[in-house]
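Colleague: Right, I'll just put the structure down here and ask away after.
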Amino acid sequence: MPSYTIRMLVLGLESSCDDCSAAVVEETAAGPVLKSLVRESQDAIHGPFGGVVPELAAREHLLQVRAVMAGALAQAGIGLKNLDRIAVTRGPGLVGSLLATFSASKALAWREGIPWVGVHHLLGHLNATRFSAPGLPFPALVLLVSGGHTHLYLAKDWTSLQLLQKTRDDAAGEAFDKAARMLNLGYPGGPVVDACACIAKRAADPFTPPKFRDGKASWSFSGLKTAVKLRVERNPRLAAAGADDPEVQGLCRSLQEAISTWLLKPVPALAKEHGARSLVISGGVACNSRLRADAEAVAARTGLALAIPEPRLCTDNGAMIAAAGALLEPDAEPWIQNADADLKLGA
Ligand code: KG4
Ligand code: ZN
């Protein structure tokens, strides 16, 4: 059973991919309260490559980690001695990236004698929702969508996730990023596709949803990538036209519409099957304006309470790790723990 402590100050650290982030969170009887949040993006470094370069990300995290931690403490107006706990992402993620905050957190915990806990990244994304919906009714369907994950879970509380279905190939965020790359719209692709879709006067031809012969519930986004590629090959002008072009905007709108519709399609049936009372959507793709609007409609129709964190808490951040870490038992021997690129839930 999770232990819900009445009041503690937690420093949360996250560096599983290309964001180096720290936050101070006060855990109260009414839920977590955000005291500070600092995040250093590496978009300028990875942008020219159209995706995250693991070696560059790891090196950059090493340069960023000290200032990010100090910044979060200063913004919260506290020192290390005020902390009751340090929570850090243990995995999954890029191991070189994970190790930056993981090693720093162990050193701090050892030097200052602060209780320490390692957190599964996806439990973090779920707990990002606690800031705005601490009283969320369970069981909850939890849709976690980012550059690396497109997974739907059933949660019976804030610390347990049971997998219901996941993508067979690419993550939804990857489809946004790769499509944006083919259209030369920059990296990360999600925000710019979203912006283009919002100003589109009309949508391009719709994308055909994938069919699965084995009948198993899942998603697939690699075909969508190929479909965008074919459209650009048929109309090469699109690759250079840019975000102001009406045809590019229309394509972005169809792409975003397809991804949002496909993601939400299994929700009503699974909610019924599992007696879910709420729907949580988190991860970077949960920033998407169309997905947020469509989710509201689906939740209302299905009678589910809806919880989507504010956009800055949807993408990777230290606050969600602090919020999850506040509910877990600290580890008695942090020094022998290691980051795990393939960390399984419940491990
Ligand atoms: O959770 P996150 O920050 O990092 C991972 O764990 O991957 O998610 C990053 C992903 C990227 O693929 C990015 O393009 C996508 O989230 N993203 C969006 C939006 N904002 C970020 N996708 C769609 N619409 C957005 N507004
Ligand atoms: Zn993430």
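Colleague: Output the residue which, of all residues in region 144-187 that are in contact (Cβ under 8 Å) with a residue 24 or more places away in the chain, of a type in the set (K, R) and outside any loop (DSSP other than H, G, I, E, B), is farthest from I259 (Cα to Cα).
Modeller: For region 144-187, the residue satisfying everything is R181.
Colleague: Continuing with this model, one more query. Filter region 120-162 down to residues that are farther than 19 Å from P268 by Cα, away from ligand 2 (no atom under 15 Å from the Cβ) and in contact with a Pro (Cβ under 8 Å, 6 or more places away or on another chain), then give me how many there are.
Modeller: Here is the first cut: in region 120-162, the residues farther than 19 Å from P268 by Cα are 120-135, 146-149, 157-160.
Narrowing further to those that are away from ligand 2 (no atom under 15 Å from the Cβ): 130-135, 157-160.
Remaining after also requiring in contact with a Pro (Cβ under 8 Å, 6 or more places away or on another chain): 130-132, 134, 157-159.
Total satisfying the criteria: 7.
Colleague: Quick check on region 296-309. Is at least one of its residues polar (S, T, N, Q) and touching a residue at least 24 places away in the same chain (Cβ under 8 Å)?
Modeller: yes
Colleague: For region 292-326: of the residues being in a helix (DSSP H, G or I) and among the β-branched types (V, I, T), which is farthest from the chain's Cα centre (by Cα)?
Modeller: T302
Colleague: Another one. Consider S146 carefully, then state whether it is under 16 Å from the mean Cα position of the chain (by Cα) and among the hydroxyl-bearing types (S, T, Y).
Modeller: Yes; evaluated as a whole, the condition is true for this residue.
Colleague: Checking R253 against (1) of a type in the set (D, E, K, R); (2) over 14 Å from A180 (Cα atoms); (3) within 16 Å of ligand 1 (Cβ to nearest atom): exactly one of these is not met. Which one?
Modeller: (2)
Colleague: With respect to F207, determine if the residue is in contact with a Leu (Cβ under 8 Å, 6 or more places away or on another chain), assigned to a loop (DSSP other than H, G, I, E, B) and at negative phi.
Modeller: Values: in contact with a Leu (Cβ under 8 Å, 6 or more places away or on another chain): yes; assigned to a loop (DSSP other than H, G, I, E, B): yes; at negative phi: yes.
Judged against the criteria, F207 is a match.
Colleague: Still on this structure: Pick from region 277-291 the residues that are more than 15 Å from the chain's Cα centre (by Cα) and either in a strand (DSSP E or B) or among the acidic types (D, E) (or both): which of them is farthest from ligand 1 (Cβ to nearest atom)?
Modeller: So the residue we want is S278.
Colleague: If you take the residues of region 225-242 that are surrounded by 16 or more Cβ atoms within 10 Å (Cβ to Cβ) and modelled with pLDDT of 95 or more, which of them is farthest from L164 (Cα to Cα)?
Modeller: Of all residues in region 225-242, those surrounded by 16 or more Cβ atoms within 10 Å (Cβ to Cβ) come to 225, 227-228, 231-232, 238, 241.
In the following step, the residues that additionally are modelled with pLDDT of 95 or more were identified as 227-228, 231-232, 238.
Values: A227: 27, V228: 28, R231: 33, V232: 35, L238: 38 Å.
Looking at the filtered set, the residue picked out is L238.
Colleague: Mind counting the residues in region 117-149 that are closer than 18 Å to A326 by Cβ, surrounded by 23 or more Cβ atoms within 10 Å (Cβ to Cβ), more than 16 Å from ligand 1 (Cβ to nearest atom) and hydrophobic (A, V, I, L, M, F, W, C)?
Modeller: 1
Colleague: Quick check: is even one residue across region 260-276 polar (S, T, N, Q) and not in a helix (DSSP H, G or I)?
Modeller: no
Colleague: Still on this model: Taking region 38-70 as the search range and keeping residues that are over 20 Å from M320 (Cβ atoms) and among the charged types (D, E, K, R), which one is surrounded by the fewest Cβ atoms within 10 Å (Cβ to Cβ)?
Modeller: The residue in question is E55.
Colleague: Then there's this: Those residues that are of a type in the set (G, A, S) and part of a loop (DSSP other than H, G, I, E, B), I need them from region 210-242; list them, please.
Modeller: Residues satisfying the conditions are G215, A217, S218, S220, G242.
Colleague: Could you tell me whether any residue of region 82-95 is of a type outside the set (S, T, N, Q) and without any contact (Cβ under 8 Å) to a residue 24 or more places away in the chain?
Modeller: no
The values are calculated or read from the model by the stated rules, or taken from the named source; none is laboratory data. Note that the structure is predicted; figures quoted are calculated from it, not measured. Counting neighbours? That spans all protein chains shown, and the Cβs are built from the backbone with ideal geometry, glycine included.
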